[in-house]
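For reference, the structure is listed below as structure tokens.
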Amino acid sequence: MQSGLKARIRSLRELLAKKFFDKKSKSGKVLDASRAKSVLFFRNDNKMGDTVVSTLFFREIKKKYPSIKVIVLCGRSNREIIRYNSNVDQIYETGKSFFRDILVFRELQRQNISLAVDFYPFRPRLKHMLMLRIIAPEFLIGFYKSSYNIYDFSIDVSFFRLHISKWYEHLLKVLKIENPDLKYDITFTYKEESEALKLIKKCNAKYRIVLNPFAASKHRSFSYLKLKELIDIIENEIDCCVFVLCQQKNKKKIISLESDRTFVSSFESILKSAALIKCADVVITPDTSIVHIATAFNKKTVALYLNYSNTYERVDIIWAPNNPNAVQIFVDTKNNSLENDIKNISNDNVLEALRKLL
């Protein structure tokens, strides 16, 4: 009952957003990216994995149009991914407060944005539509927005059975960029790399395994007991050290796991974790942002996934590692025999995947 009410409220907000902030008619403008002086990317969803994949777009558009100014609107967390990205000229951050965000939108309005790309694939809500009206880019591209007049061009090709990078590849073709390089970019400074190397040097074993046990959902995160069991199994079978990634808030829960071969790393910056991943021989993670960071460095990866796919949308393909050095393991929910929870992926299966990769 409660979820149904939330859905109705969300639908009402979307209808109100369209009614009050959509334009009365399409502009009829024709896209000419070669004349654009600036391009704004909306990544204010604050999703780090999506932002990692987006780095291919920033690089490829700069290669084709080197004089264009690349601007990104993002959240506090995913800003870290592009903090040192040489293909991004300017970064604006949202999320502190509604009124602070309005000031950010007004500042972008004064930039007179030539071209803007909105990656949000769903029906926009009130704040999202208000943002678009305030910023008012000269030309706005969206995905699945043909019913909205505020968007000058809508990409309506069904990508729900293709990898997320294919969305961006299609968008690059719209901008007259052919045969793009789909590799991701992760840039960090000497400071991040030196801290990672300092930790890595503690390892005297043959292999260095980075294990990220946490994700945004509790159903995608390891319990303490599952994590301990996996570390014990790995260290008993493989000559390795295990570096466990976690946020500071989770460190107290797992610090007791530390030993001469297990190290708990609570870096405050995702870039420090990325630097550690770059030093690793293999990465284990249920979190797709870490999967994409590992892909940026072509790291051997054991990627753990829930089973969210259906006949219409193949989540296992959309958010796949896109990395020939990666192995995907899914929760087997056939016949509803198991709960769709990471706890139902056997640690023995993870060990088997590790052996194949190493």
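The values are calculated or read from the model by the stated rules, or taken from the named source; none is laboratory data. Just so it is clear, the model here is predicted, and its values are computed rather than measured. Cβ coordinates were reconstructed from backbone atoms using ideal geometry, including for glycine residues, and neighbour counts include every protein chain displayed. Surface areas here come from the heavy atoms of the whole protein model, side chains and all, with no ligands, DNA or RNA. Shrake-Rupley method; radii C 1.70, N 1.55, O 1.52, S 1.80 Å.
Just list whichever of 228/272; 226/253; 62/173 have alpha carbons separated by over 21 Å in the model shown.
Numbers: 228/272 24 Å; 226/253 13 Å; 62/173 14 Å.
Checking Cα-Cα distances, 228/272 exceed 21 Å.
Give the accessible surface of the chain per residue, rounded to a whole number of Å², with probe radius 1.4 Å and ligands, DNA and RNA excluded. Display every interim value, and only then the final one.
Values: 17770 Å² over 358 residues.
Accessible area per residue: 50 Å².
Enter the Cα centre distance for the pair segment 204-278 and segment 117-159, rounded to the nearest angstrom.
Centre-to-centre (Cα) distance: 40 Å.
Under 13 Å from the Cα of residue 6, which aspartates and glutamates turn up, not counting those fewer than eight places away in the same chain?
List returned: 14.
Which pairs in the list 18/166; 47/218; 191/278 are over 22 Å apart, alpha-carbon to alpha-carbon?
Values: 18/166 28 Å; 47/218 17 Å; 191/278 14 Å.
Violating the 22 Å Cα-Cα cut-off are 18/166.
Strictly under 4.7 angstrom between C-beta atoms: which cysteines of the chain have no such partner?
That list is 74, 240, 246, 279.
Roughly how many percent of the accessible protein surface of the chain is carbon and sulfur, given a 1.4 Å probe and a whole-percent answer? List each step's numbers first, then the result.
Numbers: 8800 of 17770 Å².
Using a 1.4 Å probe with all protein chains present, the chain comes out at 50 percent carbon and sulfur.
So how strong a dipole does segment 314-358 carry about its Cα centre when Lys and Arg Cβ are +1 and Asp and Glu Cβ are -1, to the nearest 20 debye? If you can, show how the numbers build up before the last one.
Values: 5 positive and 6 negative charges, 32 e Å.
That gives segment 314-358 a dipole magnitude of about 160 debye.
Calculate I(q)/I(0) for segment 210-350 by the Debye formula, one identical point scatterer on each C-alpha and no solvent, and give its log10 at q = 0.09, 0.12, 0.16, 0.18 Å⁻¹ to two decimals.
-0.26, -0.46, -0.83, -1.06
In a solvent-free Debye calculation with one equal scatterer on each Cα, what is log10 I(q)/I(0) for the chain at q = 0.14, 0.15 Å⁻¹, listed in the order of the q values?
Scattering profile of the chain, log10 relative to I(0): -1.22, -1.34.
What list of ³J(HN,Hα) couplings, whole Hz, do you get for segment 101-107 from phi and the Karplus terms 6.51, -1.76, 1.60, once you set θ to phi - 60° and write x for glycine and proline?
With coefficients 6.51, -1.76 and 1.60, one gets 5, 4, 5, 5, 4, 5, 5 Hz.
If I take every Cα pair under 8 Å that is 6 or more residues apart in segment 135-205, average their sequence separation and divide by the length, what percent do I get for the relative contact order? Mind dumping the intermediate values first?
Working: 39 pairs, mean separation 10.8, N = 71.
So the answer I get is 15 percent.
Could you report the accessible area of residue 306 in Å², rounded to 10, computed with a 1.4 Å probe on the protein chains as they sit in the structure?
Rounded to the nearest 10, that gives 20 Å².
Excluding residues on the same chain fewer than 8 positions from residue 69, give the aspartates and glutamates whose Cα lies under 16 Å from its Cα.
Filter leaves 32, 60, 89, 107, 138.
Taking amide hydrogens as modeled 1.01 Å from N in the peptide plane, which residues meet the under 5 Å criterion relative to residue 207, leaving out close sequence neighbours?
When sequence neighbours closer than 5 places are left aside, the close amide H contacts are 240, 241.
Any idea how far the Cα center of segment 289-328 sits from the one of segment 76-111, in Å?
After rounding, the separation between the Cα centres reads 28 Å.
Given only helices, namely DSSP H runs of n ≥ 4 each adding -39500 (n - 2.57), what is the per-residue ellipticity at 222 nm of the chain, to the nearest 500 deg cm²/dmol?
Details: 13 runs with 143 residues, N = 358.
One gets -12000 deg cm²/dmol as the mean residue ellipticity at 222 nm.
Can you spot the aspartates and glutamates whose alpha carbon is less than 15 Å from residue 24's alpha carbon? Ignore those fewer than 8 places along the same chain.
152
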